[in-house]
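The values are calculated or read from the model by the stated rules, or taken from the named source; none is laboratory data. Since we're looking at a predicted model, the values are computed, not measured. Here the Cβ positions follow ideal geometry from the backbone for every residue, glycine too, while neighbour counts run over all protein chains shown. Accessible surface areas use protein heavy atoms only, side chains included; no ligands, DNA or RNA. Shrake-Rupley method; radii C 1.70, N 1.55, O 1.52, S 1.80 Å.
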Amino acid sequence: MTEQEKDLMQPLFVRGGYYDCPKDPEGIRMGPMVGYAGLGANGLQKVGDKYFDYSTIEGTVHNEAFAAVIAKAVFKELNPESVVVYGMPMGGIYLAGEVARWLRFYTEAEAAFMEKKVTALATESIREQSILSFGRYAPKPGQKILLCDDVFNNGTTTGLAIDMFEEAGAEVIGILCAINRSWPSITAYERKGDKPAVAIIAGVTLPTEQWEQSDPKVASDLKRFPLVKKPKMARKELQKIMADLMYGQVT
């Protein structure tokens, strides 16, 4: 990470918004892995060593710091004459508003957000099912759009959003995020067919490897330590594990 990226990430460390599975000097895992939203070919959650919970800072001055860095990069790389920054539900809403505010120092900018329309309630074994919706903020034909989210990974939902804006006659010119954790790391979202790629602009770029649960690199560790399927709900426990094993503290 650059010094600027370290400064941006520090509040997440302090507020418990970051987990990195502890390892011994030989790289052997000493704690649990976490589950991600993406599913593998077997229908099970993909897993990894790191977890970023941007919600720990999204309502704070630290969110403004991320937004300022992103807005400056947007102006430098895209230099739009007029743009609408759309927050992706729910993690990108706070950030989109701040990015738009900072962008007004450089250009004409508005803030809006997409919404989720629930199609099936969650059960004990299945996550809530939903689809994207424009809700109260429908785009206008010809508008230039910046999609904004807290953490970017594979871009599946982002791709669906891009298609929706195109169908409405608007153009998505960039994807913004606080943290780009895509693996392998990408700086542009490639689209199907001959459609042009969309630039990804991040406050921090931290490529984060993920595996299917059957992968030999992780299968034995998943037997030793129960997978944390919902890391957002286990934030305090994960922070204690890091403190105890990595720093010799009890929190």
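Of note:
- Of the residues making up the stretch 148-171, those that are buried (at least 17 other Cβ atoms within 10 Å of the Cβ), hydrophobic (A, V, I, L, M, F, W, C), under 18 Å from the mean Cα position of the chain (by Cα) and closer than 13 Å to Arg191 by Cβ are Ala161, Ile162.
- Condition check for Glu110: in a strand (DSSP E or B), at pLDDT 95 or above, touching a helix residue (DSSP H, G or I) at 6+ places or on another chain (Cβ under 8 Å) and among the acidic types (Asp, Glu): yes
- Just one of the listed residues (Tyr86, Tyr106) is open to solvent by 20 Å² or more (accessible area, probe 1.4 Å) and either out of contact with any strand residue (DSSP E or B) (no Cβ under 8 Å at 6 or more places or on another chain) or aromatic (Phe, Trp, Tyr) (or both), and it is Tyr106.
- Condition met for Arg104 (at pLDDT 95 or above and out of contact with any helix residue (DSSP H, G or I) (no Cβ under 8 Å at 6 or more places or on another chain)): yes
- Those strands (runs of 3 or more DSSP E) lying entirely in the stretch 114-177 with at least 2 residues of a type outside the set (Phe, Trp, Tyr), out of contact with any His (no Cβ under 6 Å at 6 or more places or on another chain) and closer than 20 Å to Val83 by Cβ: 144-152
- Evaluation of Met1 against the conditions (1) more than 21 Å from Arg101 (Cα to Cα); (2) out of contact with any helix residue (DSSP H, G or I) (no Cβ under 6 Å at 6 or more places or on another chain); (3) free of Cβ contacts under 8 Å to residues at least 40 places away in the same chain; (4) open to solvent by 10 Å² or more (accessible area, probe 1.4 Å) shows that the sole unmet condition is (3).
- Matching residues, the stretch 1-58, being out of contact with any strand residue (DSSP E or B) (no Cβ under 7 Å at 6 or more places or on another chain) and of a type in the set (Gly, Ala, Ser): Gly16, Gly27, Gly31, Ala37, Ala41, Gly43, Ser55
- Qualifying residue in the stretch 205-219 (condition: surrounded by 17 or more Cβ atoms within 10 Å (Cβ to Cβ), in contact with a Ser or Thr (Cβ under 7 Å, 6 or more places away or on another chain) and on the phi < 0 side of the Ramachandran plot): yes
- The set of residues in the stretch 178-191 that are of a type in the set (A, V, I, L, M) and either without any contact (Cβ under 8 Å) to a residue 12 or more places away in the chain or not in a loop (DSSP other than H, G, I, E, B) (or both) comprises Ala178, Ile179, Ala188.
- Scan of the stretch 192-251 for residues that are assigned to a strand (DSSP E or B) and hydrophobic (A, V, I, L, M, F, W, C), ordered by number: Val198, Ala199, Ile200, Ile201, Ala202, Val204, Trp211, Val228
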